[in-house]
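Colleague: There's a structure below that I have some questions on.
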Amino acid sequence: MSGLPARAPEAVDGAAPCPVHPYGYHLRPRVAGAGSRTVFRDGSVLGLPARCPLLEEELLESDRELDFIDELWVRERASGSRGFTALTAALTAAALVIAVIDGATVWVVLGVLGAAATLGVAHAEAAVDRARLRRIRDWHRRVGIPH
């Protein structure tokens, strides 16, 4: 493993903390050993950690930059999942079918609320996907693009 945790700002009194990651994030190594499926140990909702000089240094010390370029290529081409949007839409459709069969106004209101929830969930999933691609592009600037 790299000697990064000893150089992490949190480990040195008076040093400024990492501007990107929370306090304590760099106290343990974040790059996984050779042979593991992913380069970074921890993922996030976006799938990749945000770039910072300490992570870049650890990646360079681990000699896994080529593995990371390959991982970025795969992640970039992976289709964005819209599972929550599909689930919300299915529940909304079921509520509307019940409303038509039952004739109750409560179900109609629930159907309208479900449609609004579907739009909200779709918007949130699209925002997460855009942020994921932005983060991948940011790492591409650092480590390069596979050809």
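The values are calculated or read from the model by the stated rules, or taken from the named source; none is laboratory data. Note that the structure is predicted; figures quoted are calculated from it, not measured. Reconstructed Cβ throughout: ideal geometry from the backbone, glycine too, with neighbour counts over all protein chains shown. Note: areas computed on protein heavy atoms with side chains; ligands, DNA, RNA excluded. Shrake-Rupley method; radii C 1.70, N 1.55, O 1.52, S 1.80 Å.
Colleague: Within segment 46-62, is there a residue that is aliphatic (A, V, I, L, M) and at pLDDT below 80?
Modeller: Checked segment 46-62: at least one residue is aliphatic (A, V, I, L, M) and at pLDDT below 80.
Colleague: Now for a separate question. Within segment 1-45, which residues are open to solvent by 50 Å² or more (accessible area, probe 1.4 Å), at pLDDT 80 or above and not in a loop (DSSP other than H, G, I, E, B)?
Modeller: L27
Colleague: Among what's in segment 88-147 and is small (G, A, S) and under 19 Å from the mean Cα position of the chain (by Cα), pick the residue that is nearest to L72 (Cα to Cα).
Modeller: Among those that are small (G, A, S) and under 19 Å from the mean Cα position of the chain (by Cα), it is A131.
Colleague: Do you know which of the residues in segment 105-133 that are surrounded by fewer than 12 Cβ atoms within 10 Å (Cβ to Cβ) and modelled with pLDDT under 80 is farthest from L48 (Cα to Cα)?
Modeller: T105
Colleague: Another one. All but one of (1) hydrophobic (A, V, I, L, M, F, W, C); (2) free of Cβ contacts under 8 Å to residues at least 40 places away in the same chain; (3) open to solvent by 30 Å² or more (accessible area, probe 1.4 Å) hold for C52; state the number of the condition that does not hold.
Modeller: For C52, the exception is condition (3).
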